[in-house]
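The values are calculated or read from the model by the stated rules, or taken from the named source; none is laboratory data. Quick caveat: nothing in here was measured; it's all calculated off a predicted structure. We place every Cβ from the backbone using ideal geometry, glycine too, and count neighbours over all the protein chains shown. These area figures cover heavy atoms from the full protein model, side chains too; ligands, DNA and RNA do not enter into them. Shrake-Rupley method; radii C 1.70, N 1.55, O 1.52, S 1.80 Å.
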Amino acid sequence: MTVADRPVAGVIGWPVAHSLSPRLHRFWLDRAGIDGFYVPLPVAPGHAAAALAGLPALGLRGVNVTVPHKQAVFDALDRVTPVARRAGAVNTVTVADDGTLEGTNTDVAGFLGHLRQAAPVWRADAAPAVILGAGGAARAAAVALLDAGVARLVVVNRTVARAEALALALGDPRVAVAPWEGLAGALDGAGLLVNTTSLGMAGQPPLTPDLAPLAADAVVYDIVYVPLETPLLAAARARGLATVDGLGMLIHQGVPAFRAFFGAEAAADAATRAHLLAAL
Ligand code: ATR
């Protein structure tokens, strides 16, 4: 491998300094013995298309895309995968050999991969699933759960109109919507509760619904990972419910991105998790 061949990828976002992705990919590059780079690229709002247009000329293999660009990049791509269209968001862009750009979404697979790893007892068709929130993270989680085969999915959001818009975009008869005040009813007998809101994040109010109506073997999944154990997960654990935290989703979404950028396999394992935990 010549110096010119050393592969380079990165992450575009604003702000991007806090992103754990450079640390994640650095760890996997070192472990795979790949002499490459994964760099944070601060791209201000409104500049995502110009940044992507420059990727082939810069010789980058691709980039991950984070807040606030996940929707904005669509028009700057030559191809978008079906899963990214359904998720309404692109989090991974790869540069093909001919210099064209393809966008995909690995958050969907990352969400489900981590759920299956952390809560192997969970069965998609056993009981309804409930998603709190109606933003981009909620949509990725919803696509993943529908693909996994849930029989019923209830989206609960403070602004019910956003939940209705999400259900419309998903276009699936298994999706229902409930207002925030209807949360207790939605949780009745549910087998999975997913928080995709910012509630419970450091500096935000906690999310403390009554978990008693959930099924006895329910799983509670919080995509927030600062703190790693949110008040919601602590309450679930206190009830003896299986819990799934947000750090694993970040790791799992990185596996297919690493493959796309560097042509090598990465593993979402305990060593990777420990390496990220050390930075939290
Ligand atoms: P993302 O794309 O990361 O999912 P987002 O689009 O900003 O982020 O969505 C944030 C979610 O957290 C929304 O569902 C939001 O509810 P609204 O649609 O009503 O704004 C939810 N959220 C944020 N603060 C909240 C609060 N204090 N109470 C209830 N929900 C809240």
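List pairs: first residue in segment 143-171 and in contact (Cβ under 8 Å) with a residue 40 or more places away in the chain, second residue of a type in the set (V, I, T) and more than 15 Å from the ligand (Cβ to nearest atom) anywhere in the structure, Cβ distance under 8 angstrom, at least six positions apart or on different chains.
V143/V83
What are the residue pairs meeting all of these: first residue in segment 192-213, first residue closer than 19 Å to A127 by Cα, second residue open to solvent by 70 Å² or more (accessible area, probe 1.4 Å), Cβ atoms under 7 Å, and 6 or more apart or on different chains?
L211/R239; P213/D188
Out of the residues in segment 208-231 that are among the charged types (D, E, K, R) and over 19 Å from A279 (Cα atoms), which is least open to solvent (accessible area, probe 1.4 Å)?
Per the stated criteria, the residue is D222.
Tell me the strands (runs of 3 or more DSSP E) entirely within segment 172-280 that contain at least 2 residues that are under 22 Å from the mean Cα position of the chain (by Cα) and within 16 Å of the ligand (Cβ to nearest atom).
Hits in segment 172-280: 175-179, 192-195, 219-222.
Please work out which residue is farthest from L183 (Cα to Cα), limiting yourself to segment 138-162 and to residues that are open to solvent by less than 40 Å² (accessible area, probe 1.4 Å) and within 8 Å of the ligand (Cβ to nearest atom).
A138
Can you say whether T196 is among the β-branched types (V, I, T) and crowded, with 22+ Cβ neighbours inside 10 Å, as far as the supplied structure shows?
Yes: the conditions hold for T196.
With the checklist (1) open to solvent by less than 10 Å² (accessible area, probe 1.4 Å); (2) on the phi > 0 side of the Ramachandran plot; (3) more than 16 Å from the ligand (Cβ to nearest atom) in hand, flag the one item G133 doesn't pass.
With (1) open to solvent by less than 10 Å² (accessible area, probe 1.4 Å); (2) on the phi > 0 side of the Ramachandran plot; (3) more than 16 Å from the ligand (Cβ to nearest atom) applied to G133, the lone miss is (3).
Restricting to segment 105-135, what's the tally of residues that are of a type in the set (F, W, Y) and more than 17 Å from the chain's Cα centre (by Cα)?
1
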